[in-house]
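Have a look at the structure below before the remarks.
The values are calculated or read from the model by the stated rules, or taken from the named source; none is laboratory data. What you see is a predicted model; the values in this text were computed from it and never measured. Note that each Cβ is placed from the backbone with ideal geometry, even for glycine, and that neighbours are counted across all protein chains shown. Keep in mind that these areas ignore ligands, DNA and RNA; they rest on the heavy atoms of the full protein, side chains included. Shrake-Rupley method; radii C 1.70, N 1.55, O 1.52, S 1.80 Å.
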Amino acid sequence: MEHLLDPRWEGTCTEGPTSPTPHIAGNRLILDVYPDGCERFLQVTENHTSDLVEVEFLRLSSNDAIIPSVVAHLPKFSHLRSLVLRGGHLRDDHGRCQNGLLTTLPPDISRLSLLCHLDLSFNNFSELPSCVTALTLLTSLHLGYNQLRTLPDDIGDLKSLTDLLLMSNQLVELPTGIGQLKSLEKMDLSENRLTSLPEEVGNLQKCIDLDLSGNLLANLPETMCNMMSLQQLYLHNNLLVAVPAGLASLPHLSRLDLQNNKLRAVPIEIIQCSCVYLQGNPIGEPEPSPHSEDESESLDIKELYVKPEDKSFCVTPDGCWVFLPHGFHLCFPPGAVSCDTRIYYQILFPDQQHVRLGHHDVLLSSTLELQPHGIQFLQDVEINIPFACLKPVPKREVVIRTFSDSCATWMDLSTTIKEKSSHEMLASCKTAHFSWFLVVSRLVEDRCEVPKEGELLFSSVDQNIRVEFPPGATAETRTVCMQVLPVSKKMLQKITGDSESSTSPLLCLSQSSAENFLSAVKIQLPLPPGVTGDTLDRSRLFLLHGDPRAQTWTDITNQVVLQISHIYANFQVDHFSWYWLWYTTKSYVGELAKNVYNKLRMYQVNFVALQRKRDPEQVLLQCVPKHKVESTVKRLQDRYKGPEPSDLVELVEGEQFFATFEQGLKLYSERPDCVDGRICFVFYSRMKNMKEVYVTSSADRMEKDVKGQVSFYRGSVPEGLPDEVTKLRKGSRSDWMATLPIKLPKTKGPDGEQDRQRNDHSLPPLNIGNPEMGYLTETNLLSIANQIGSDWMTIGINLGLSYQELERINFKNGKDLHQLILDMIFLWARTNSEQPDCVQKLVQAMRNSKRNDIADEIEDVITLGKKKYTQSIRRVGLDQGNSSEDSAIAMSQS
């Protein structure tokens, strides 16, 4: 019902020429849009008493100082059906919502016998007023963001209640009366302090959506398995050590979120359920020692911040937190080293030369190298790596990958995922050795320990896939891993062009032992879509065996016995690899399967180069997946113009490429990722491959336009690149991919005449700071703006902009977040560009906003700029006494 209370009704509350009193708009009185809404409310109750009975919908702001006295008049609105008394309409100096001033309600509120919707969120209630539970017709009760410590047992009297929202309170327990809410469909108890739930919660037979995330729950009552209507159950970020197996049998359950708990063992019924999310749990790990984890969290150890120019740091036996540039940080617990130890580090851009990606892996972060390699610590060291926030994909999981010197192989570590900001996450792991570390998204891996007594392994991606190990299959316990890649019929037909083809999911099996199994292992795969055992043509069914190293597929249909049931195919093997069930009219499917498999690992993309309409020297470079090109160009066409997107090119996930300008154009950039005039990219299919740069002309532009091009090249050839990619390398340069034309118009002076005084390097119009204290070009500011995201208001406040200025920017730009951020950062830059310490203020504002990644990048740019500035002084023979302006000119001329 709350959606009916739209602030757009403000326009119907007309004001007279001399009186500020608004009229009642039909049956609505919307006053929370006015700063003096409570005063207007009192005028209405005094001057329009005959009309009060008509009001059914009323909204007031509880941030008004007179709200406690105003609520005493509410019982006069006897026909009220919806009442909103929310706080949060005001913000503090940091832009945070301020809670309202309500702590209680008058008992006469219980006379509002027709009330169905009550919103008291963002206030300061420590207990629920007794008058609320007397409103027996309530269907929706919003109490989020208060200080509630408990609920009355008679809350069960609200028999009509369908929505109960209690997020972000201080609740430590629930009353048994909660089970009497027989009509309840949605209950949100997230971000409280609940340590247990009453058995009566299982009586909520109509509950569809239950959110218990962010509490302190260690166990759940078995009665929750009786909540037969439940569709969404959120239990992430608790302390759960066990969950009832019966939850998996709830008939309508579509999401069971158990991420970031302390589950070490999970019932097989839960694991087999495809709607379950288990990331961030120490499943399969041994129990920790009685003191290690709790004590390490409570220890007060020192913090060490490493500057970008420092390439090492010292760790003492006392332990410390180490904060590296770009958001990486480590925790060395006390006793991790026996004596002072120096650790060396470097942060590497993603590169195929030092990253080993498996099939269908996605690289999410830069690589952190810690030396000396192979060093053994006395206690595990915690490593935290930031990575770009991707939309969670049920069939994939995020892990930290490292190189094991002892095994000479890459391996994945047990990883916990934490939210760092709205667009960045943090991957955390513990290790006793140092090497290379990076964050990878991989296909979900299911694993189990197979003893000599036998075992059964199900896929959590597709519960129709299972592997059965009979007793005696192995003499010693070995670890088995399973990964599944679903392949839709639509995708297969698009790749093959054959409407008759379909396949089962691709199954990848591996094990810790190099020995074959002693007894045959039974594998169950679902039949391809559209095929049943009753309609099956056996001559069209092929079982393929894949070799991951040679990337070949072999037809083994005649080498195994395929047992076909109505929807399954079963067969037996004694060793593990890839298995794929095809149903097609093709007689030879090995090469076809290879081509399909390679296509599943590549992406068709276009390159786009757009010039900003108001400043053609500002060029936006993008690498866009084929299906996103049209929408991307359409979204940007108001601000940018440019050539048509390039022809299609195919890229492998995580592949590195470069962009460079030629034929009269050259790059003007201080970006750390600019090498020899080329901008470095790494292709990620799920991320923005976008960079904004300035280009300038090396020719005279006062008489004619300058035409040039931006070309895209691959870097060094990755190992094991599919043939389809290699074939696309054309031209004299084997790494060339695409070229797009760029044109810079001839320059003119302010009076319309050609400006013959313009410097050859046409610098951006807005620069801040100076080369001695720190210098940023407009290109740098654009790069910074592209990284800010939803933190823009916090950063703006920390930069010293007023909340009113930020609100005006927000109102002006509506939903255009990119333009909103640009207006904010350039408003500050125009005001502060002449201040010598403005760049340092920008760095400090980023750190105060907890955006150390941007602060570190700015400091990298400053360090590079100071280095170039010093070198230019030495080249032209200037001394340190010259002015910053003269030095800057000398640097540009050099």
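Which helices (runs of 4 or more DSSP H) does segment 752-847 wholly contain that include 1 or more residues that are at pLDDT 70 or above, closer than 17 Å to ILE862 by Cβ and in contact with a strand residue (DSSP E or B) (Cβ under 7 Å, 6 or more places away or on another chain)?
Of the helices (runs of 4 or more DSSP H) lying wholly inside segment 752-847, those with at least 1 residues that are at pLDDT 70 or above, closer than 17 Å to ILE862 by Cβ and in contact with a strand residue (DSSP E or B) (Cβ under 7 Å, 6 or more places away or on another chain) span 778-788, 817-832.
Going by the structure shown, is ALA248 in contact with a Cys (Cβ under 7 Å, 6 or more places away or on another chain), without any contact (Cβ under 8 Å) to a residue 60 or more places away in the chain and of a type in the set (A, V, I, L, M, F, W, C)?
yes
Going through segment 120-144 one residue at a time, which ones are touching a residue at least 24 places away in the same chain (Cβ under 8 Å), of a type outside the set (Ser, Thr, Tyr) and farther than 22 Å from VAL172 by Cα?
Across segment 120-144, the qualifying residues are CYS131, ALA134, LEU135, LEU137.
Being in a helix (DSSP H, G or I) and of a type in the set (Val, Ile, Thr) is the filter here, so list the residues in segment 139-166 that pass it.
ILE155
I'm checking my understanding of the structure. Among residues of segment 250-281 that are surrounded by fewer than 19 Cβ atoms within 10 Å (Cβ to Cβ) and among the hydroxyl-bearing types (Ser, Thr, Tyr), which one is modelled with the lowest pLDDT?
Selected residue: SER274.
Identify the residue in segment 440-472 that is of a type in the set (A, V, I, L, M) and either at pLDDT below 90 or not in a loop (DSSP other than H, G, I, E, B) (or both) and, among all such residues, is most open to solvent (accessible area, probe 1.4 Å).
Checking each candidate, the answer is LEU456.
Could you run through segment 188-217 and say how many residues are under 22 Å from LEU278 (Cα atoms) and of a type outside the set (D, E, K, R)?
Qualifying residue count, segment 188-217: 15.
What's the number of the condition SER587 fails, among (1) in contact with a helix residue (DSSP H, G or I) (Cβ under 7 Å, 6 or more places away or on another chain); (2) open to solvent by 10 Å² or more (accessible area, probe 1.4 Å); (3) modelled with pLDDT under 85?
(1)
Working carefully through the options SER734, SER685, SER646, SER711, find the one that is at pLDDT 80 or above and assigned to a loop (DSSP other than H, G, I, E, B).
Of SER734, SER685, SER646, SER711, the one residue that is at pLDDT 80 or above and assigned to a loop (DSSP other than H, G, I, E, B) is SER646.
Just to check your reading of the model, which residue among GLN604, GLN618 is in a strand (DSSP E or B) and within 27 Å of the chain's Cα centre (by Cα)?
GLN604
Being among the polar types (S, T, N, Q), surrounded by 17 or more Cβ atoms within 10 Å (Cβ to Cβ) and in a helix (DSSP H, G or I) is the filter here; which residues of segment 167-188 pass it?
Of everything in segment 167-188, just one residue is among the polar types (S, T, N, Q), surrounded by 17 or more Cβ atoms within 10 Å (Cβ to Cβ) and in a helix (DSSP H, G or I), namely GLN180.
Considering ASN63, ASN99, which residue is within 29 Å of THR794 (Cβ to Cβ) and surrounded by 22 or more Cβ atoms within 10 Å (Cβ to Cβ)?
On inspection, the qualifying residue turns out to be ASN63.
Of the numbered conditions (1) within 16 Å of SER502 (Cβ to Cβ); (2) outside any loop (DSSP other than H, G, I, E, B); (3) in contact (Cβ under 8 Å) with a residue 12 or more places away in the chain, LYS586 fails exactly one; give the number of that condition.
Unmet condition: (2).
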